[in-house]
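Here's the structure we're looking at; comments come further down.
The values are calculated or read from the model by the stated rules, or taken from the named source; none is laboratory data. All values reported here derive from a predicted model rather than from experimental measurement. Please note: Cβ atoms are built from the backbone with ideal geometry, for glycine as well, and neighbour counts cover all protein chains shown.
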Amino acid sequence: MTEATWGESAKTPDINWRMSASLENVPRGDTDIAEVTDLERVVRDWVRLDPEHKEAATLTTDHAVQIEGVSSTTFTGEAIAALAEHLPPLQP
């Protein structure tokens, strides 16, 4: 019989940064249209927002993402910031 181990990696397994995701409630010019792209781009775009827009933004993913043991498909505020802490390094 194999024994299960529950370390820190079990709380935040690898994130699929290529999955589709949208960033909503962020003005784009004269409109407020959701941007749909991959999760990595959406999170990087959120990082560059001013604090007011960061607070209003909603990030939605195609599949659940688990951060610190909590699984969700919708993220706001501090939850998006937690995703940002796990971003992969930028590729040149």
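Residues being of a type in the set (D, E) and free of Cβ contacts under 8 Å to residues at least 12 places away in the same chain: count how many of those fall in region 41-81.
3
Out of the helices (runs of 4 or more DSSP H) lying entirely within region 1-74, which hold 2 or more residues that are at pLDDT 90 or above?
39-47, 51-56
For region 46-59, which positions are within 8 Å of L23 (Cβ to Cβ) and not hydrophobic (A, V, I, L, M, F, W, C)?
T58
Out of the residues in region 82-92 that are in a helix (DSSP H, G or I) and touching a residue at least 24 places away in the same chain (Cβ under 8 Å), state the one that is surrounded by the most Cβ atoms within 10 Å (Cβ to Cβ).
Taking the candidates together, the pick is L83.
Working carefully through the options E68, E52, find the one that is exposed (fewer than 15 other Cβ atoms within 10 Å of the Cβ), farther than 22 Å from P27 by Cβ and of a type in the set (D, E).
Result of the check over E68, E52: E68.
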